[in-house]
Amino acid sequence: MTWQHAERDTDHRACRQRAGRALTEAFTGHTSRSSQHTFYQLGAAVLDACPEIAHVRVEGAHLTRALVDLSPFGVENDGRVYTAADHQRSTVAVDVHRT
């Protein structure tokens, strides 16, 4: 994750601490629908916590997930249990700007 401050005269240490807390809270309280969805939520949390930040870029790996076949155990998988696939890895980047 990278961000850009709107002004040079900023308390960078205090901003970084607020951003870290905001990221932790956003990530732990978030149910991900996709990598893009999660990355947007993280970027928006940083902007909310730090009004001196103008732009946030969140980048990370996107791993394809596949439903696990639970039928051998007599259980139906209702879309809650996934495993990481070894193929179709890519990088996802989301930019969040203050308006």
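The values are calculated or read from the model by the stated rules, or taken from the named source; none is laboratory data. Note that the structure is a prediction, hence the values are computed from the model and not measured. Remember, those area values only see protein heavy atoms, side chains included, never the ligands or the DNA or RNA. Shrake-Rupley method; radii C 1.70, N 1.55, O 1.52, S 1.80 Å.
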Review point. Any idea what Rg and Dmax come out to for the chain if you just take the C-alpha atoms, in Å?
Key: 17.5, 62
Revision key, fill the gap. Heavy-atom accessible area of Ser90, protein chains in place, probe 1.4 angstrom, given in Å² to nearest 10, is 50 Å²
Study note, to complete from the structure: Cα-only Rg/Rh for the stretch 1-55 with Kirkwood Rh rounds to 1.00
